[in-house]
1. Look through Ala37, Ala56 and report the one residue that is surrounded by 14 or more Cβ atoms within 10 Å (Cβ to Cβ), in contact with a strand residue (DSSP E or B) (Cβ under 7 Å, 6 or more places away or on another chain) and either under 30 Å from Ala89 (Cβ atoms) or not assigned by TED's automatic domain parsing to the domain that holds Tyr92 (or both).
2. Answer yes or no as to whether Glu70 is out of contact with any strand residue (DSSP E or B) (no Cβ under 7 Å at 6 or more places or on another chain), in a strand (DSSP E or B) and not β-branched (Val, Ile, Thr).
3. Taking the criterion of being among the aromatic types (Phe, Trp, Tyr) and under 13 Å from Gly4 (Cβ atoms), would at least one residue in region 63-80 satisfy it?
4. Do we have Gly72 as outside the structural domain of Gly27 (by TED's automatic domain parsing), exposed (fewer than 14 other Cβ atoms within 10 Å of the Cβ) and within 19 Å of the chain's Cα centre (by Cα) here?
5. Residues being touching a Lys or Arg at 6+ places or on another chain (Cβ under 9 Å), closer than 23 Å to Arg9 by Cβ and not in a loop (DSSP other than H, G, I, E, B): count how many of those fall in region 34-55.
6. Report, by residue number, each residue of region 64-92 that is modelled with pLDDT under 80 and aromatic (Phe, Trp, Tyr).
7. Given the conditions (1) surrounded by fewer than 11 Cβ atoms within 10 Å (Cβ to Cβ); (2) modelled with pLDDT under 80; (3) not β-branched (Val, Ile, Thr), which single one is not true for Tyr61?
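The values are calculated or read from the model by the stated rules, or taken from the named source; none is laboratory data. This is a predicted model, so every value here is computed, not measured. Counting neighbours? That spans all protein chains shown, and the Cβs are built from the backbone with ideal geometry, glycine included.
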Amino acid sequence: MAAGSVRERNGRFYIRTRVKVIDPETGEGRWKQMEKAAGGSKRQAERMLRDLQGAAEDGRYVPTSMTVLELGRKWLREHMQPSLKPSAAANY
């Protein structure tokens, strides 16, 4: 299981952990660091951390945000390639 931590900042607790996600295009795994607000109690934050790590271990965790690389590939595929020649798209 990936290591994680719980910390308090301004009366609120936050969890931080690393999860391994699989890139759907290449099938390769990569590590992603996550930080989430977990509420006002340390016990609740610890429970949320265990749940998140368990979901990542079981493969139930699906990241909701894109990386810059994923966003760039999506932009190129959906907006630029239809209007470019193949040679120009390759240069992008």
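1. Step by step, each of Ala37, Ala56 is checked, and only Ala56 is surrounded by 14 or more Cβ atoms within 10 Å (Cβ to Cβ), in contact with a strand residue (DSSP E or B) (Cβ under 7 Å, 6 or more places away or on another chain) and either under 30 Å from Ala89 (Cβ atoms) or not assigned by TED's automatic domain parsing to the domain that holds Tyr92 (or both).
2. Against the criterion (out of contact with any strand residue (DSSP E or B) (no Cβ under 7 Å at 6 or more places or on another chain), in a strand (DSSP E or B) and not β-branched (Val, Ile, Thr)), Glu70 does not qualify.
3. no
4. The answer is yes for Gly72.
5. Summing the residues that are touching a Lys or Arg at 6+ places or on another chain (Cβ under 9 Å), closer than 23 Å to Arg9 by Cβ and not in a loop (DSSP other than H, G, I, E, B) in region 34-55 gives 10.
6. Across region 64-92, the qualifying residue is only Tyr92.
7. (1)
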